[in-house]
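**Q** The following block contains the structure, expressed as structure tokens.
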Amino acid sequence: MDRAKNLDPAAEIKDIMIGVLELGVDRSLLDDSVSLYSPVVGLDSLSLLHILVRIEKRFDIEIDDEDVMSAELSDVGSLVEMIRRAVEAKGVDE
């Protein structure tokens with residue numbers, strides 16, 4: 001059985017963030033309300049790009065640049081929600 005298929009997508013997204021950003025923290029510290037630009041996360045445009053590329057590969061989706069630009073990415077929850085919408089949209093398209 002594929003362990004990744006049983007993991008909550010939000011948990012997977014947070015795990016990807018932790019890995020890409022080399023945060024060295026437990027997923028439980030990435031509450032949805034944590035600012036993406038806080039010292040805990042420290043997101044910048046390049047690291048966002050790396051996260052999105054990894055997420056696109058993991059979920060076999062393509063996130064439109066316009067969706068990223070129009071999203072109000074302020075906290076972990078807003079990033080997770082944007083990705084969740086892209087994953088759901090792909091499921092509808094199939």
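The values are calculated or read from the model by the stated rules, or taken from the named source; none is laboratory data. The model shown is predicted, which means the values in this text are computed figures rather than measured ones. Positions of Cβ are backbone-derived with ideal geometry, glycine not excepted, and every protein chain shown enters the neighbour counts.
**Q** Please find, among SER28, SER33, the residue that is at pLDDT 95 or above, among the small types (Gly, Ala, Ser) and exposed (fewer than 13 other Cβ atoms within 10 Å of the Cβ).
**A** SER33
**Q** Another one. Can you run down the residue pairs with Cβ atoms below 9 Å, 6 or more apart or on separate chains, where the first is in the range 40-57 and touching a residue at least 40 places away in the same chain (Cβ under 8 Å) and the partner is outside any helix (DSSP H, G or I)?
**A** Close Cβ pairs satisfying both conditions: ILE55/ILE61; ILE55/ILE63.
**Q** What's the number of the condition VAL76 fails, among (1) in contact with a Lys or Arg (Cβ under 8 Å, 6 or more places away or on another chain); (2) surrounded by fewer than 12 Cβ atoms within 10 Å (Cβ to Cβ); (3) modelled with pLDDT of 95 or more?
**A** It fails just one condition, (2).
**Q** How about the range 63-73: which of its residues are surrounded by 12 or more Cβ atoms within 10 Å (Cβ to Cβ) and either in a helix (DSSP H, G or I) or in contact (Cβ under 8 Å) with a residue 24 or more places away in the chain (or both)?
**A** Matches in the range 63-73: ASP67, VAL68, LEU73.
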